[in-house]
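Notes to accompany the following structure.
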Amino acid sequence: MRSPRPGRADVSEQPDHPSAEAVVAATRQWLEQAVIGLNLCPFARAPYVKGRVRFRVSTAIDEDQLVADLAEELGRLAAADAEEIETTLLIHPQVLVDFLDFNDFLEIAEATVQALGLEGELQVASFHPDYQFADAEAEAIENCSNRSPYPTLHLLRESSIDRAIEAVDDTDEIYRRNIETLRALGWEGWAARCGR
């Protein structure tokens, strides 16, 4: 596994990394204020208010440990009743704090889904404090649609995605609306809403 890029300290090397409770609290606030509050993902509200979102804070300090946690959570989600756990947020504040490293890791995450025989059943979406779409500038406000307080792997059921897509006429409209919403909000509004 690759080590973090030079010049960027891994959170695990910092003595005051946040507690699991603080990480979950910040993630919940982001979900409530940004994802649900701004309707960035119209499919997020229902599982959240029904208590079907599992929050798992990984203590991994390297990619190997994170792969083990990812495999464990994928297995747990696949085995669980969707009425109990519909989706999982695997939050990993101590590893992959550099966005480029995180982005590279997504290939490993997909390979893990495949290795477990869960392709077509589960998939992994990604959120990161420094998220950047390939066609956007680093400081473009539209990146905020995928910016979370901590690096996060979102484990989703394909069946949930299929149901959500069936309920929407044009899924591309969600992306366009998010850009409009975030540009209207601006950086000052984003900071006020999300605290950063």
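Nothing in this text is a laboratory measurement; each read-out follows from the coordinates by a stated rule. Predicted model only: the values in this text are computed from it and were never measured. Every residue, glycine among them, receives a Cβ derived from its backbone with ideal geometry; neighbour counts consider all protein chains shown.
Below is a table of values for the structure above.
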| item | result |
| --- | --- |
| Of residues in region 131-148 being among the hydrophobic types (A, V, I, L, M, F, W, C) and assigned to a helix (DSSP H, G or I), the one surrounded by the most Cβ atoms within 10 Å (Cβ to Cβ) | C144 |
| Among (1) in a helix (DSSP H, G or I); (2) free of Cβ contacts under 8 Å to residues at least 40 places away in the same chain; (3) surrounded by 18 or more Cβ atoms within 10 Å (Cβ to Cβ); (4) aliphatic (A, V, I, L, M) - the single one V67 does not satisfy | (2) |
| Hits in region 23-61 - residues which are part of a helix (DSSP H, G or I), out of contact with any Ser or Thr (no Cβ under 8 Å at 6 or more places or on another chain) and hydroxyl-bearing (S, T, Y) | Y48 |
| Selection count, region 149-173, where residues are in a helix (DSSP H, G or I) and more than 17 Å from Q123 (Cβ to Cβ) | 2 |
| Unmet requirement for L96, which otherwise passes all of (1) assigned to a helix (DSSP H, G or I); (2) within 15 Å of the chain's Cα centre (by Cα); (3) not aromatic (F, W, Y) | (1) |
| Pairs, first closer than 11 Å to P151 by Cα in region 82-102, second in a strand (DSSP E or B) and of a type in the set (G, A, S), C-beta under 8 Å, six or more apart | F102/S126 |
| Of all residues making up region 178-196, the number that are touching a residue at least 24 places away in the same chain (Cβ under 8 Å), charged (D, E, K, R) and part of a helix (DSSP H, G or I) | 2 |
